[in-house]
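A.B. asks: First the structure, then my questions, so here it is.
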Amino acid sequence: NQTKFKMKFSHWAYLAISAGITSACPFANSGGEMPQNHPEIEPRRRLGLRSLRGNLAGQEKVASTVRERVERSLQDGGGCFTKTTYEEIIEDIREIFNTLSDVVTDRERGHFFGGIVRLAAHDFMDYDKNDRDFPQGPDGCIDWNTGAGETGADNAGLETIWCDDPLLCPLKTLYDSKYGNNGFGRADFWVVAANAVIKLSSVEWTDTEGENTYPNLDLPFRYGRVDFDGCEGISASRLPGAQGCDQVEKTFITQMDLDWTDAVALLG
């Protein structure tokens, strides 16, 4: 079942960000190696919602939005995840999105909402079909040892998205207060939140003939991922490094059993 969920999620990411793939290998025009002047060579900046630090009015506005969303009672689904639950999370993210638009910079907002997608992606990209005892995948487990040289360094920046500070990490505050205590797992929540960001940031579009209009990208979702704790020292080591195509092949082809088209799409 975990493999099935994994492939479903890779399809989600492919639909979300694939476009105009013309090369089978990223950076192929530079021998497969990332150019040294590429911005990803530099340490990832941990922006977070820095504009909220010391901004009491902004903090209260965000906190008020989260409180209002938490106070909305969930439909009693008998302990099951329902379509109403899914739609409720989408609306929760929408309201947080709108509130942050008024109190943080565009760059911080982009870091935060892009970080939600990255959080879900890093949760599933540690899947290894060759490790029958510890395959991982979308299990709500991230190696949070994100300091330079630590085991989870490739996850640096995610700690500004999912942290215990109720003012600077409204996504986790929402989860802890409304969903986690109702039995909804982190892994499922992260995927729904990522779906919400993609839906909110996509636009309605009309085909070139002007005959058909399509709504915002509303991705499919399947409930039932099982959370896991204790992936430190293992999960981040399975993520692709920035050294070249061998890293892409290791993670997406050998471990996840995808093809090169899917791999390039997942890298954006």
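The values are calculated or read from the model by the stated rules, or taken from the named source; none is laboratory data. Worth saying up front: this structure is predicted, and the values here are computed from it rather than measured. Virtual Cβ from ideal backbone geometry, glycine too; neighbours counted across all protein chains shown. Protein only, heavy atoms only, side chains kept; ligands, DNA and RNA dropped before computing areas. Shrake-Rupley method; radii C 1.70, N 1.55, O 1.52, S 1.80 Å.
A.B. asks: Working only within segment 156-167, note down all residues that are surrounded by fewer than 23 Cβ atoms within 10 Å (Cβ to Cβ), under 17 Å from the mean Cα position of the chain (by Cα) and assigned to a loop (DSSP other than H, G, I, E, B).
C.D. replies: Ala156, Gly157, Trp162, Cys163
A.B. asks: Can you run down the residue pairs with Cβ atoms below 6 Å, 6 or more apart or on separate chains, where the first is in segment 52-72 and within 15 Å of Leu171 (Cβ to Cβ) and the partner is among the small types (Gly, Ala, Ser)?
C.D. replies: So the pair list comes out as Leu52/Gly58; Val70/Ser177.
A.B. asks: If you don't mind, there's one more thing I want to ask. Going through Asp188, Asp207, Asp257 one at a time, which residue ends up being open to solvent by less than 40 Å² (accessible area, probe 1.4 Å), farther than 21 Å from Ile142 by Cβ, among the charged types (D, E, K, R) and out of contact with any Cys (no Cβ under 9 Å at 6 or more places or on another chain)?
C.D. replies: Step by step, each of Asp188, Asp207, Asp257 is checked, and only Asp207 is open to solvent by less than 40 Å² (accessible area, probe 1.4 Å), farther than 21 Å from Ile142 by Cβ, among the charged types (D, E, K, R) and out of contact with any Cys (no Cβ under 9 Å at 6 or more places or on another chain).
A.B. asks: Are any residues in segment 139-155 among the small types (Gly, Ala, Ser) and within 18 Å of the chain's Cα centre (by Cα), and if so, which ones?
C.D. replies: Gly140, Gly152, Ala153, listed by residue number.
A.B. asks: Of everything in segment 176-217 that's modelled with pLDDT of 85 or more and charged (D, E, K, R), which residue is nearest to Glu71 (Cα to Cα)?
C.D. replies: Taking the candidates together, the pick is Lys178.
A.B. asks: If you don't mind, another one. Residues of segment 185-239 being polar (S, T, N, Q), out of contact with any Ser or Thr (no Cβ under 8 Å at 6 or more places or on another chain) and assigned to a loop (DSSP other than H, G, I, E, B), which ones?
C.D. replies: Going through segment 185-239, the residues polar (S, T, N, Q) turn out to be 195, 201-202, 206, 208, 212-213, 216, 235, 237.
Next, only the ones that are out of contact with any Ser or Thr (no Cβ under 8 Å at 6 or more places or on another chain) stay: 195, 201-202, 208, 235.
Within segment 185-239, Ser202, Thr208, Ser235 qualify.
A.B. asks: State which residue pairs qualify: first residue within 22 Å of Ile90 (Cα to Cα) and inside segment 207-223, second residue open to solvent by 90 Å² or more (accessible area, probe 1.4 Å) and among the β-branched types (Val, Ile, Thr) in any location, beta carbons under 7 Å apart, and separation of 6 or more residues or different chains.
C.D. replies: Between residues of segment 207-223 that are within 22 Å of Ile90 (Cα to Cα) and residues that are open to solvent by 90 Å² or more (accessible area, probe 1.4 Å) and among the β-branched types (Val, Ile, Thr), the close pairs are Asn216/Val203.
A.B. asks: Select, from Arg67, Arg94, Arg44, Arg72, the only residue that is more than 18 Å from Val192 (Cβ to Cβ), open to solvent by 20 Å² or more (accessible area, probe 1.4 Å), among the basic types (Lys, Arg) and at pLDDT 50 or above.
C.D. replies: Arg67
A.B. asks: One residue is enough: does segment 110-126 have a residue meeting the conditions open to solvent by 10 Å² or more (accessible area, probe 1.4 Å), modelled with pLDDT under 95 and more than 20 Å from Ile198 (Cβ to Cβ)?
C.D. replies: The answer is no, given that none of the residues of segment 110-126 is open to solvent by 10 Å² or more (accessible area, probe 1.4 Å), modelled with pLDDT under 95 and more than 20 Å from Ile198 (Cβ to Cβ).
A.B. asks: Which condition from (1) in a loop (DSSP other than H, G, I, E, B); (2) over 17 Å from the mean Cα position of the chain (by Cα) is the one that Tyr179 breaks?
C.D. replies: Status for Tyr179: all satisfied but (1).
A.B. asks: Scan segment 150-176 and report the pairs whose first residue is more than 19 Å from His122 (Cβ to Cβ) and whose second residue is among the hydroxyl-bearing types (Ser, Thr, Tyr), with Cβ atoms within less than 8 Å and a gap of 6+ or a chain change.
C.D. replies: Cβ pairs passing all conditions: Pro166/Thr173; Leu168/Thr160; Pro170/Thr65.
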